[in-house]
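The values are calculated or read from the model by the stated rules, or taken from the named source; none is laboratory data. Here the structure is a predicted model, which is why all the values come from computation and not from measurement. Every residue, glycine as well, gets a Cβ built from its backbone with ideal geometry; the counts of neighbours run over all protein chains shown. The protein model used for the area step is the full one, side chains on, heavy atoms only, and it has no ligands, DNA or RNA in it. Shrake-Rupley method; radii C 1.70, N 1.55, O 1.52, S 1.80 Å.
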Amino acid sequence: MAFQEPHRDCDRCPRLRAFLLEKREELPSYYNAPVPSFGDPEPRLLIVGLAPGMHGANQTGRPFTGDWAGDLLYAALAEYGFSEGTYSGTADDGLTLKGAMITNAVRCVPPQNKPVGAECAACRPFLTEQIESLTSVKAILCLGKISHDNTVRAMGLKLSAYPFGHHKIHKLQGDRRLYSSYHCSRYNTNTKRLTEEMFYKVFADIRGYIDG
Ligand code: URA
């Protein structure tokens, strides 16, 4: 069963809707709509980010594309055999994902990159349906605590039983696993909270698990 992406004019979150309408006036060349998932329609790995960045995914219409965070994420995907082609920060770069799909916990750009709890909750049914319908998925990788917590809730699980931690791995139903990483944001990489080595180790584990 295919999952639904939010409609371009989704109005579940009044604040985000108003923000997007403002941006459509201010930045008419930008995508300025809920950013759809990108990647293999039958992924083994589902990556869940936080929300589109204003001048990255919200501009290009593809998750993490044109964002600082995308440079590290797409490099890791290439390194571990999850992509084909060259990422160049635009949605028409011809890059395809192999066995991976990228989505966001909140699909519209939020002011200051910070969705509020009600917005996370309003967008969550899209993630629930996506996780349920993508039966090929063996590994879910959450980038950052907000993504992790939303993903756990989207699966109807208790946060106390599935706490967030960098490179933490939780077993899910069947042979699925939930992996978490610090978000590959500019702040986290500049402060060295997350290094390329730390990030790549998570991907190495996922690759091993998927292929094992
Ligand atoms: N771009 C996205 O699409 N998601 C994030 O979490 C960060 C940047």
Checking the table LYS114/LYS192; LYS171/LYS201; LYS158/LYS192; LYS98/LYS158 against a 28 Å threshold on Cα-Cα, which pairs fail? LYS158/LYS192; LYS98/LYS158
Roughly to the nearest percent, how much of the accessible area of the chain is carbon and sulfur, given a 1.4 Å probe? 51 percent
Below 10 angstrom from the Cβ of ALA139, what's the summed charge of the other residues (Lys, Arg +1; Asp, Glu -1)? +3
Quick note, the range 22-128: a/c under 1.5 would make it rounded; otherwise a/b > b/c is prolate and the rest oblate (a ≥ b ≥ c, C-alpha gyration tensor); here it is oblate
Give me, ordered by chain and number, the residues 5 or more places off SER185 or on other chains with an amide H under 5 Å from its own placed amide H. none
At 1.4 Å probe radius, can you tell me the per residue accessible area of the chain in Å²? 47 Å²
Integer Hz, Karplus 6.51/-1.76/1.60 couplings in order for the range 162-177, x for Gly and Pro: 10, x, 7, x, 5, 6, 7, 10, 10, 7, 10, 4, x, 9, 7, 10
Counting only residues 5 or more apart in sequence or on a different chain, those whose built amide H sits under 5 Å from that of GLY61 are TYR31
Return the percentage of antiparallel bridges among DSSP beta bridges fully within the chain, rounded to the nearest 5 %. 35 percent
Along the dipole axis of the chain (charges at Cβ: +1 for Lys and Arg, -1 for Asp and Glu; origin at the Cα centre), the most positive-end residue among PHE203, ALA154, TYR31 is ALA154
By average Cβ neighbour count within 10 Å, what is the ranking of 114-122, 84-92 from highest down? 114-122, 84-92
Within the set of other residues whose C-beta is less than 15 Å from the C-beta of ILE102, count the net charge using Lys and Arg as +1 and Asp and Glu as -1. -3
Once amide H atoms are placed 1.01 Å from N in the peptide plane, what residues at a sequence separation of 5 or more from LEU194, or on another chain, have their amide H within under 5 Å of its amide H? THR189
